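The values are calculated or read from the model by the stated rules, or taken from the named source; none is laboratory data. Keep in mind that this is a model prediction, so the values were computed, not measured. A quick note on method: Cβ atoms are made from the backbone with ideal geometry, for glycine too, and the neighbour counts reach across all protein chains shown.
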Amino acid sequence: MDLEKAIDELYGADRDAFVPARDELAKRLRKDGDREAADRVKALRKPTVAAWAVDRLARDEAKDVKRLLESVDELRDAQEAALGGDAARFRDASAAHREILERLVGAAAKALGADGTPATIDKVRETLQAAPGAPETREDLARGRLTKELSGGAFDFTGFPDVPAPKRSRRGAEPRRATKNASTKKAEAVAPPEPSRSDDSRRELRKARADLEAATRRAEAAERRHERAQAAFFAAEEKRDEARKGLEDALSERDGLEATVRRLERD
């Protein structure tokens with residue numbers, strides 16, 4: 001059996017079929033005597049919804065996934081060029097990266113269908129941005145073997161300067177700093193400024209994200225418990241089948257010996 005090919009097929013299957021298919025593959029490997037491979041397969045994690053959608057892209061949109069990886073390589077080179085003064089190359093590379101990224105996000109949303117909630121689509125986008133940044137996740141993205149969504153990214157596209165900031169001249173005058181009168185300072189010391197609505201919104205967003213992360217951890221822990229219980233069930237099922245076969249063999253042997261004894265007694 002080509003184990004790597006079998007694992008690729010496992011991650012390419014429907015998400016709901018992952019655990020039964022994984023356990024069946026591990027069971028076959030164990031019966032074939034390859035316990036090491038069986039243990040490796042048994043340890044494979046079921047992808048989250050967002051990770052499954054990205055894994056589908058590696059199969060259904062392989063050319064665009066390859067272009068995404070190439071666009072990240074180009075961004076790295078363009079970022080260095082921008083620091084040397086070639087900001088135009090970085091802008092062009094950023095635009096090309098965004099275009100392929102959004103095309104892949106759209107394809108993932110289509111594959112997800114009703115499961116493509118805004119939160120899940122955001123996770124898909126973040127995963128596509130973050131996965132190319134590290135060798136191991138980059139390879140998992142290319143092969144379609146991601147098991148969980150990723151966050152962060154190698155680049156920040158929100159405020160890269162058009163041109164490098166000019167160096168401050170040593171002879172130039174220092175910029176004039178705004179000063180506050182004594183009454184203003186006293187008022188600020190007594191009553192700090194009231195948080196703006198945008199600050200409140202950011203706090204609510206941070207809290208919502210923290211709650212989501214906690215809920216995700218609980219769901220993943222529950223999923224691991226379920227998988228362990230299912231693994232124990234399959235192990236017990238294998239032992240039951242072995243015991244049943246042993247019983248059938250013993251009964252067959254007994255029946256054969258009884259028939260031999262009766263024949264000898266007649267003779």
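Laid out as a table, the results:
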quantity	calculated
Residues satisfying the stated conditions in the stretch 27-45, i.e. in a loop (DSSP other than H, G, I, E, B) and in contact (Cβ under 8 Å) with a residue 60 or more places away in the chain	Leu44, Arg45
Test: residue in the stretch 2-13 that is touching a Lys or Arg at 6+ places or on another chain (Cβ under 7 Å) and either under 23 Å from Ala222 (Cα atoms) or not in a helix (DSSP H, G or I) (or both)	yes
Subset of the stretch 222-263 that is modelled with pLDDT of 75 or more and basic (Lys, Arg) - its residue that is nearest to Lys31 (Cα to Cα)	Arg254
Enumeration of residues in the stretch 1-11 that are closer than 26 Å to Ala111 by Cα and either exposed (fewer than 15 other Cβ atoms within 10 Å of the Cβ) or in contact with a strand residue (DSSP E or B) (Cβ under 9 Å, 6 or more places away or on another chain) (or both)	Glu4, Lys5, Glu9
Residue list for the stretch 46-66, restricted to those being surrounded by 19 or more Cβ atoms within 10 Å (Cβ to Cβ) and either in a helix (DSSP H, G or I) or among the aromatic types (Phe, Trp, Tyr) (or both)	Ala50, Ala51, Trp52, Ala53, Val54, Asp55, Arg56, Leu57, Ala58, Val65
From the options Ala43, Ala38, residue that is surrounded by 12 or more Cβ atoms within 10 Å (Cβ to Cβ) and small (Gly, Ala, Ser)	Ala38
Any hit, the stretch 172-189, residues being modelled with pLDDT of 50 or more, farther than 30 Å from Asp8 by Cα, surrounded by 10 or more Cβ atoms within 10 Å (Cβ to Cβ) and not small (Gly, Ala, Ser)	no
Subset tally (residues that are within 23 Å of Gly144 (Cβ to Cβ) and in contact (Cβ under 8 Å) with a residue 24 or more places away in the chain) for the stretch 55-95	16
Residue selected from the stretch 114-144 under the condition out of contact with any Phe, Trp or Tyr (no Cβ under 9 Å at 6 or more places or on another chain) and small (Gly, Ala, Ser), by the criterion surrounded by the most Cβ atoms within 10 Å (Cβ to Cβ)	Ala131
Single condition Thr147 does not satisfy, out of (1) surrounded by 14 or more Cβ atoms within 10 Å (Cβ to Cβ); (2) out of contact with any Pro (no Cβ under 8 Å at 6 or more places or on another chain); (3) among the hydroxyl-bearing types (Ser, Thr, Tyr)	(2)
